[in-house]
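Quick one: this structure, given as structure tokens, is what I'll be asking you about.
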Amino acid sequence: MSKKNIWMFVTSIILFAVLLGLSALLQEEMLIYAASAVPILIVLFLPDAKRYQYIRGRNRNVSIYKQGDGEEAILVIAFQPGFLRWKTGMAYFHLKDIASEPQHGGAAQQNAATIPVLAFDLSAHHRKTGWIGINLTQLASRTANMSFTTDEVNRLVIPMKDLEETALTMMSSSATASQNKSKSISA
């Protein structure tokens, strides 16, 4: 949610309270009518907290670690069942949260249901650097033909080469953006 939307949300709530207070104080029914229209504004600017999910490696229910070496290296995101909110659309994790071994031993069982995350499931966060997104909608649609449901999934597995490509794309796009910004400032 943008800062503009947050301010509009807070402003509309204050406006609602002021109009109700003035209508009670001045006994004006027009102020009550005006106050009754303000909840429409409040609904328009309500924060949508379930739009994205951010996965932090320091969470006790999650373990983000690299496994293997070379071409066979993978990133494992292990978590408790029910941790991921599959209807959010995107789940983001930070590159600095990647460890070389599992930090929380009990995050997921060894026989967990695992979903591979493919290169087209990954994307860089549009505003925050270092955050990589996983398209949960695509993953959930791929589980439709599997013998398990998303409620049973305990691990996501990402090939490190796909993750590195996404990170390089993110770094090159942020470098291009900063160059364009410095050109526009100097012009």
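Please give the length that would be gained between Glu29 and His126 if that part of the chain were fully extended, namely 0.36 nm times their separation in residues minus their C-alpha to C-alpha distance (nm, one decimal).
Contour length minus Cα-Cα distance gives 30.3 nm.
Here is a further query. For the range 70-95 and the range 112-128, compute the distance between their C-alpha centroids and round to whole Å.
The range 70-95 and the range 112-128 have Cα centres separated by 7 Å.
Using per-residue counts of other Cβ atoms within 10 Å, averaged over each peptide, order 131-141, 60-70 from highest down.
Peptide ranking by packing, descending: 131-141, 60-70.
Highest mean first, what order results for 156-167, 6-17 on Cβ atoms within 10 Å?
On the way: 156-167: 17.7, 6-17: 14.2.
Output ranking for 156-167, 6-17: 156-167, 6-17.
Once phi is turned into θ = phi - 60°, what whole-Hz ³J(HN,Hα) does the Karplus curve with 6.51, -1.76 and 1.60 give for every residue of the range 129-138, x standing for Gly and Pro?
Working through the residues one at a time gives 6, x, 9, 10, x, 10, 6, 6, 5, 5 Hz.
Turning to a different aspect of this structure: What does the net charge come to around Ala37 if you take all other residues with beta carbon closer than 15 Å to its beta carbon, with K and R at +1 and D and E at -1?
Result for the neighbourhood of Ala37: -2.
Multiply the residue gap between Ser147 and Ala119 by 0.36 nm, knock off their C-alpha separation, and tell me the result in nm, one decimal place.
Details: separation 28, 0.36 × 28 = 10.08 nm, distance 2.31 nm.
Separation in residues times 0.36 nm, less the Cα-Cα distance, equals 7.8 nm.
The numbers here are math on the coordinates, done by the rules we state, and not lab data. All values derive from a computational prediction rather than experimental measurement. Note that each Cβ is placed from the backbone with ideal geometry, even for glycine, and that neighbours are counted across all protein chains shown.
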